[in-house]
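Okay, structure first, notes after.
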Amino acid sequence: MKDITLGALDEIPVGEGRTYAVDGAQIAVFRLRDGSLRAVDAVCPHRGGPLADGLADEQVVVCPLHGHTFDLCTGAEANGAELSVRSYPVTTVNGAIRISR
């Protein structure tokens, strides 16, 4: 695994997500209301919905197109569908967002 710096933490308002391009992949990073971060693939495997635009709470993100719900820690589809996205370890270092990939 390698650590990759995505951008400044201040780029993501609390309660929202942003998409970053990393080595040809799209990764959604969410800054949760409690201040913690979560990172998952940014594209819903169902029909390509933009997960960073979905509603997120401390546990899940809901795809804005068709309502599939993904666990922000594991990437598993929370309602039992055979869909999943990859989740990534994410931290901040000196105000910068870093993921391990």
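None of the figures in this text is laboratory data; all of them are computed from the coordinates on show. Keep in mind it's a predicted model, so treat the numbers as computed, not measured. When we count neighbours, we look across all protein chains shown, and the Cβ atoms used for this are built from the backbone with ideal geometry, even at glycine.
Quick notes on this one:
- When the range 66-96 is filtered for residues that are surrounded by 15 or more Cβ atoms within 10 Å (Cβ to Cβ) and touching a Gly at 6+ places or on another chain (Cβ under 6 Å), the ones remaining, listed by number, are 84, 85, 87.
- Listed here are the strands (runs of 3 or more DSSP E) enclosed by the range 23-101 that have at least 1 residues being among the acidic types (Asp, Glu) and within 24 Å of residue 2 (Cα to Cα): 37-41, 69-71.
- For the range 78-88, a residue qualifies if it is acidic (Asp, Glu) and touching a residue at least 12 places away in the same chain (Cβ under 8 Å), but none of them does.
- Checking each residue in the range 24-36 for being surrounded by fewer than 19 Cβ atoms within 10 Å (Cβ to Cβ) and touching a strand residue (DSSP E or B) at 6+ places or on another chain (Cβ under 8 Å) picks out 25, 26, 32.
- Residue that is polar (S, T, N, Q), in contact (Cβ under 8 Å) with a residue 12 or more places away in the chain and in contact with a helix residue (DSSP H, G or I) (Cβ under 7 Å, 6 or more places away or on another chain), where the choices are 19, 91, 74, 5: 19
- Taking each residue of the range 48-64 that is surrounded by 17 or more Cβ atoms within 10 Å (Cβ to Cβ) and looking for partners that are in a loop (DSSP other than H, G, I, E, B) and among the small types (Gly, Ala, Ser) with beta-carbon atoms closer than 7 Å, six or more apart or interchain, yields 51/42; 52/42; 60/78; 61/54; 62/54; 63/49; 63/54.
- Residues in the range 55-73 that are hydrophobic (A, V, I, L, M, F, W, C), over 10 Å from the mean Cα position of the chain (by Cα) and within 15 Å of residue 85 (Cα to Cα): 62, 63.
- So residue 10, is it acidic (Asp, Glu) and in contact (Cβ under 8 Å) with a residue 24 or more places away in the chain: yes
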